[in-house]
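Trainee: Before I ask anything, let me first share the structure, which is written out below as structure tokens.
Nothing in this text is a laboratory measurement; each read-out follows from the coordinates by a stated rule. Quick caveat, the model's predicted, so the values are computed rather than measured. Because the Cβ atoms are built from the backbone with ideal geometry, glycine has one as well, and the counts that use them run over all protein chains shown.
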Amino acid sequence: MSFTHLNVASSYSAHYGVSTPPQLAAAAHAMGAEALALTDRDGLYGAVKHVAACMEHGLQPLLGVNLALLDTPGHAAGRVILLARGPSNGAGYAALCRSISQAHQAPRGIPGLTRRQLAHRVASGNLMLLVGGESDVARALARGQYAKARALLADWKKLAGPMLRVEITTHLSTPGSRYNLGEAGRMLRYAEELGLKAVLSNAVRYADPDGAVTADLLDSARTLNSLSEMDSCQPNGQGWLKSPQEMRQLASEIARATERGWMRKLLRETEAVASFAALDPAGDLGWKKPVIPEASVLGLHRPAMQELTERVYAAVPQLLSNEKKHTVEQRLSLELGVINRLTSPATSSPSPKPSSSSPGWGCAWRPAAPAPPRWSTTCWASARSTRWPTTWSSNASSPTPAPPCRTSTSTWNQPAATRSTARSSPASAKNA
């Protein structure tokens, strides 16, 4: 039986997550998982790499976000998770993006949403709300305010209704610390009493147990505290991407602690949410389908190709003042002609040409014979260049194309750290 992790932070969660999306996807695939979520803090910074890694390993990608829960401006009462709805022609992903945009408009620089804003966002049915070990409910439980915790969970039920799930997480830590077994059991009992569905997670921050040491260092840097004061952030080193067998063992531990047979139901509801949030990269995300924004979105009130052409020719005299005008015009005619054909495949539109009647190198919308599409680059890159490639000759009657330039992309690689934490079983962690 497979298990889908619904709460996973990558190294794109600054000062929090440890492992990169490819590392997490590879680990999930090795454990026999069929799907994997990425719920980075405050944004979708690692979403593209997560989807690409999941597709490479044959996993269904899930996308979500971990956002602060704001009770007053500038103060967070906890954190919650939003998961985008699966096959919905992009409606779920769009709702997730809008929620993140609204969260970053919060005052005093803390990205987050209030309870009312969250209720409004999930009302459409395109987002699933997970309230778990970082929420206001868990904080009340940690302070021993059990009646308040139950009342807060009842309020969440009124606000989110059927789009609410209670996230049950235990790292088998000592009583009184975060993610302890008693807290998880009490959360599960409250959920059952209120008729709420619960899911199981491990609040993943690293792909394997060795990442616990790096997580401690990140916690220390984020909170500006010494390692001796970090028990409130990571009570132990159990926050790795655990196998389905290990997660079933945790579900069994929670069931025994509550003296109820909730193990199978907990696992079943987890996979039901995974099915709800499993995205289709092509249908939901438009994977490898370029989308050009409408002219109105860009603030244009005339054809985009006309705007682009005139802007390029307006910039050329300043950026390429030392080049011969004829050579520059030939190159730009070729580049803009290729762009025009690529953006208008159904028509044989002529390539734009600058008007000699315009002052300087000003451009008017004038048709010209299309240039042969030998190779293409962007006209913006051409206009910003300080010189043409050496293979272009100003005396040549027709340009000889140079090989296309390759652009390199850089990724943020997590710094390596000395790791000494050994894998410990849930049972041993519990005894500790």
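Trainee: Could you list the trypsin sites (Lys or Arg not before Pro) in the range 92-170 that lie in coil according to DSSP, counting only those with at most 16 other Cβ atoms within 10 Å of their Cβ?
Mentor: When the trypsin sites (Lys or Arg not before Pro) of the range 92-170 are filtered for loop state and at most 16 Cβ neighbours within 10 Å, R143 remain.
Trainee: Taking K and R as +1 and D and E as -1, what net charge do the other residues with C-beta under 14 Å from the C-beta of G86 add up to?
Mentor: Within the 14 Å Cβ shell, the charges total -3.
Trainee: What pairs in K49/K242; K148/K265; K157/K197; K157/K242; K49/K288 have C-alpha atoms more than 19 Å from each other?
Mentor: With Cα atoms farther than 19 Å apart: K49/K242; K148/K265; K157/K242.
Trainee: Within the set of other residues whose C-beta is less than 10 Å from the C-beta of T4, count the net charge using Lys and Arg as +1 and Asp and Glu as -1.
Mentor: Residues close to T4 contribute a combined charge of -2.
Trainee: Please list the non-local residues whose amide H lies under 5 Å from the amide H of A35, H modeled 1.01 Å from N, same-chain partners needing a gap of 5 or more.
Mentor: Here Q60 satisfy the definition.
Trainee: Moving on to the next point. Write down Rg/Rh for the range 93-191, rounded to two decimals, with Rg from the C-alpha atoms and Rh from the Kirkwood relation over Cα pairs.
Mentor: 1.01
Trainee: Continuing with the same structure: Express the Stokes-Einstein translational diffusion coefficient of the range 165-303 in µm² s⁻¹, to the nearest whole number, given a Kirkwood radius over alpha-carbon pairs, 37 °C and a viscosity of 0.692 mPa s.
Mentor: The Stokes-Einstein estimate is 183 µm²/s.
Trainee: Write down the Kirkwood hydrodynamic radius of the range 1-137, to one decimal in angstroms, obtained as one divided by the mean of 1/r over all alpha carbon pairs.
Mentor: 15.1
Trainee: Can I ask one more? Let me check against my output: what whole-number percent is the relative contact order of the range 144-215, with C-alpha pairs under 8 Å and at least 6 apart?
Mentor: 30
Trainee: Give me the distance in nm between label points sitting 7 Å out from Cα along the Cα-to-Cβ direction at A94 and A314, one decimal.
Mentor: Inter-label distance under the simple model: 3.2 nm.
Trainee: Between G78 and residues 5 or more places away or on another chain, which pairs have amide H atoms under 5 Å apart, with H built 1.01 Å from N, and which residues are they?
Mentor: Placed amide hydrogens put L69 under 5 Å from G78.
Trainee: Using +1 at the Cβ of each Lys and Arg and -1 at the Cβ of each Asp and Glu in the range 38-194, identify which of N66, V80, A123 lies farthest towards the dipole's positive end.
Mentor: The one lying farthest along the dipole's positive direction is A123.
Trainee: Here's a follow-up. Rank-order 53-63, 77-87 by packing density, defined as the average count of other C-beta atoms within 10 Å over each peptide's residues, highest first.
Mentor: The packing order, highest mean first, is 77-87, 53-63.
Trainee: While we're on this one: Which values of log₁₀ I(q)/I(0), to two decimal places, follow from the Debye formula for the range 246-308 at q = 0.14 Å⁻¹ with a uniform point scatterer at every Cα?
Mentor: -0.63
Trainee: Sorted by average packing, counted as other Cβ atoms within 10 angstrom per residue and highest first, what order do 194-202, 130-138, 264-272 take?
Mentor: 130-138, 194-202, 264-272
Trainee: Ok, one more. Highest mean first, how do 33-39, 282-288, 331-337, 180-186 rank when packing is the count of other Cβ atoms within 10 Å averaged over residues?
Mentor: The densest-packed peptide leads the list: 33-39, 331-337, 180-186, 282-288.
Trainee: Next question, about the same structure. Take the alpha-carbon centre of the range 80-155, take the same for the range 23-72, and report the distance between them in whole Å.
Mentor: Cα centroid to Cα centroid, the span is 18 Å.
Trainee: Would you list, by chain and number, the aspartates and glutamates whose Cα falls below 16 Å from the Cα of K289, excluding same-chain residues fewer than 8 positions away?
Mentor: Straight-distance partners of K289: D280.
Trainee: Hey, rough spin-label estimate for Q245 and V297, points 7 angstrom out along Cα→Cβ, what's it come to in nanometres?
Mentor: Label-label distance for Q245 and V297, simple model: 4.8 nm.
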